[in-house]
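Here the structure comes first, spelled out in structure tokens, and everything after it is commentary.
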Amino acid sequence: MYHVAGTSSIAIILYLISYFLYRNGFYTLQIHRKLWNSILALTFLFTALAGIFLALQINYKWNIPLTGFLLKWHVETGVAMAFAGFFHLLWHVSYYLRLFEKHDTPSGEKTFNNTDTAGIKVNLFIVGFISSAFQLLLIREMMNLTGGYELITGTFLASWLITSAIGSVIAGKSNLYNLKRINLIFSVSPLVSVFLFLLLSRLFLNTGETPGFLASMIYTLLVLLPFCTISGFTFIKLISAARLSRNYTPGKSFSIETGGGIISGILVAILSAGLLNTYQMLLVLIVSGVSYALLTFYIKSPVTGIIVRTIVFILLSTLIITNPDILFRSLLLPGITVNSSEDTPYGNIVRGEYGGEPSIYYNQRLVAYHANSVEREENIHYAVLQSVNPDKLLLISGSINSHFAEILKHPVREVVYVERDPALTRLEDIPLHEGQARLVIETDDAFRYIRSTPKMFDVIILLLPPPSSLLLNKYYTVEFFRSVKSRLNPGGIFMCSPGISSGYYNDEMLRLFSSVYNTLSDEFRNVLPIEGHKLYFIASDSELSASFCQLADERKIQNTYVSADFLSDDLVTAKSEEIVALMDTNVKRNRAMFPVACFYYQSYNLSRNIHQKTPSIIIILTLFVLPMFLIKRRNILMYSCASALAGFEIIVLVILQITAGNMYQLTGLIIAGLMTGLAYGAGFSISLLNNLSVTVKSLILVCSYLLAGLIVTGITEIKSLQLVTGLLILSAFIPALLTGHLFRIFTLKSGSEADSVTSAVYTADLAGSALGFILISGLIVPALGIRAGIFIIAAMVISGFVAGGAGKKL
């Protein structure tokens, strides 16, 4: 399928955004022309090369593996080139008519208006508040849409920072000094990104579809481009205005802006705990931002100001009282009649109807519906049929409404259902069966519950998704399986599913399954793989059997699917033995500190479309690695320190979820501690640090990371949640303080070079952070483990110090 309308619409929208920024003075006509001439050249080059390869294949029967991929993108880039070229030609008609005329570049305004800079401190705070709040809200929606695994998370954060860096570079070269115009455009830019988010999802995705990594990366970049570019531009211009009008150092301006981010992070965390939904907060943020720009810079009449404030109050009250999220969820889930939408600290829950059948969607994906007999029977009976006396059963996640009736087919007396999101259990209509099993619902993290409960069980069933992220990976580790075994009675049964079943298992999928299989085999005497609609691993110290039809007949269990009517014991047993033969015993075991299963899952995810792997790698290298070679030597240390801090932030959050059991509850506190360190280091003159050379400061920073790497294993074994949280906040605060201080001293310049130096340092900071996020979260931690990741972070600082000029004094 070719997205002619979608591709052309995106090309037109991006061109109009670029044209709008040029017309408002963000950059010159020459830069606008260079940008779109470059885009036209790249799309033409790809279209031409793809056409040549296709012609060679057709005429000379060449076997070119990328033919399908090239054919698709030959058309897509051709459409983009045609529409971009058409609008570019319309704009440049006068250019061709007056080809030999000389044009002077407009000089623009050279100074800031004193009236506009009167409230520069508040302006910096508001920009920081809006930027951080919008990031937190948008990343939540983006993760829901794209699957939320670490490589996507790292890509989002890296894309956010690299597009902000583009804005800061533009600002350093721009002659626009009109703060009124800059603030108004900044306040409207979140609306443009939200519009692109909704438009792209409607044009390119089907209901419940998870895009591939390449599509997710392009999608993320397109959505973030308008807001982040303007955000980076605005911040650099405000730093310049604060320096000229209030004699603020760039570090102090950065501190004020970061302070706004800290407050917004805390506020978003509070409001998202069931008080307001995501799109409510987004709309409130946009309306508040636009009203601030209008009332501060444009509306001077007291009467008009009162009228505008009244209108804004009514509009905000309406947004808070009503639930606009239903409209937005209907746009994101076409074909579904959305009846309700609720955001919780854990995700979004939509209750709707498709074809008249009620269903529940969790983070854009179907999790509960009535016609799911195959799935619910396999989820329960494959495990429970193995138990001679299934007296007590623990069910982790899944729909209790769907599975409870299947459980009651067995002589179970007590069912404990663990689900971390209480909103999900509230939405389900749990049937009551008098005289049957007692149902106990626990709203807790499964890992934490198993570690703390004194109860023993005969069957434990894990229905959580595969280890696609570091958050889910912990449920497939040595530590979790060992805890599970300690809660099983002698001969108890445990079952999990590490992924989908397939008639063909590629190398990446086999490594994923082998890692989980080997990890289970180290804890249980017997592990039985069963291929159903998912691949199930059943583990026990007792004998296991794949003869489910025979077991169901012996125990007089009446099933629709798990029965002799649909299954053959011989075929199921043969397939199980075939899968066992495919398992590679040399694959590493999955551990909390060494999450190899997560790495293998991400590798498998990329391998599902081999034609997208090479373009994905090229885009990653171009966007996130290439900028490293464009950073000036004097800013290399800032680049490497920012990269190290961004990676360490990811690692601290991973450690939090391993120890606390649920990273969402305390994430805001950890991030607030890190941002406080940045703000304090950048905004205040610390005499103790001022007297030290850059060499000593870099050495202290390296030592702080090395110390964290040495004690990280001990931190994960601490049972006191308060102590763990305090240690993690402290471990993040110290390197953040030092990194913020380095930003302060690197931007302490005056005179005509001050703005360009600040822009260059801030760009290095953002570009370095972008690389750190994607490198640590997407590659180093999943592939090499947490401790090795921390030591690599220390090496980043050392390499930056050496490459940036050892012993430099500031």
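For this structure, a couple of remarks:
- Sole exception among (1) under 30 Å from S759 (Cβ atoms); (2) over 23 Å from the mean Cα position of the chain (by Cα); (3) at pLDDT below 80 for R633, by number: (3)
- Residues located in the stretch 536-562, provided they are in a loop (DSSP other than H, G, I, E, B), touching an Asp or Glu at 6+ places or on another chain (Cβ under 8 Å) and of a type in the set (S, T, N, Q): S547, N559, T560
- Positions within the stretch 426-439 being open to solvent by 20 Å² or more (accessible area, probe 1.4 Å) and either at pLDDT 70 or above or outside any loop (DSSP other than H, G, I, E, B) (or both), in sequence order: R426, L427, Q436, R438, L439
- Hey, V388 among the hydrophobic types (A, V, I, L, M, F, W, C), in contact with an Asp or Glu (Cβ under 8 Å, 6 or more places away or on another chain) and either outside any helix (DSSP H, G or I) or surrounded by fewer than 16 Cβ atoms within 10 Å (Cβ to Cβ) (or both) or not: no
- The single condition among (1) aliphatic (A, V, I, L, M); (2) more than 17 Å from M583 (Cβ to Cβ); (3) surrounded by fewer than 20 Cβ atoms within 10 Å (Cβ to Cβ); (4) in contact with a Ser or Thr (Cβ under 7 Å, 6 or more places away or on another chain) that V478 does not satisfy is (2).
- Pairs, first more than 29 Å from I776 (Cβ to Cβ) in the stretch 469-494, second hydroxyl-bearing (S, T, Y), C-beta under 6 Å, six or more apart: G491/S542; I493/S387; I493/S540
- Residue among L366, L393, L316 that alone is open to solvent by 10 Å² or more (accessible area, probe 1.4 Å), assigned to a strand (DSSP E or B), touching a residue at least 24 places away in the same chain (Cβ under 8 Å) and of a type in the set (A, V, I, L, M, F, W, C): L366
- Of the criteria (1) at pLDDT below 85; (2) more than 21 Å from S616 (Cα to Cα), which one L196 fails: (1)
- Among all residues of the stretch 347-359, there is none that is in contact (Cβ under 8 Å) with a residue 12 or more places away in the chain, farther than 26 Å from T425 by Cβ and either surrounded by fewer than 17 Cβ atoms within 10 Å (Cβ to Cβ) or over 25 Å from the mean Cα position of the chain (by Cα) (or both).
- The numbered conditions (1) modelled with pLDDT of 90 or more; (2) polar (S, T, N, Q); (3) closer than 14 Å to S216 by Cβ are all true for N144 except (1).
The values are calculated or read from the model by the stated rules, or taken from the named source; none is laboratory data. Nothing here was measured: the structure is a model prediction, and the numbers come from that model. Because the Cβ atoms are built from the backbone with ideal geometry, glycine has one as well, and the counts that use them run over all protein chains shown. Heads up: the accessible areas ignore ligands, DNA and RNA and are worked out on the full protein's heavy atoms, side chains in. Shrake-Rupley method; radii C 1.70, N 1.55, O 1.52, S 1.80 Å.
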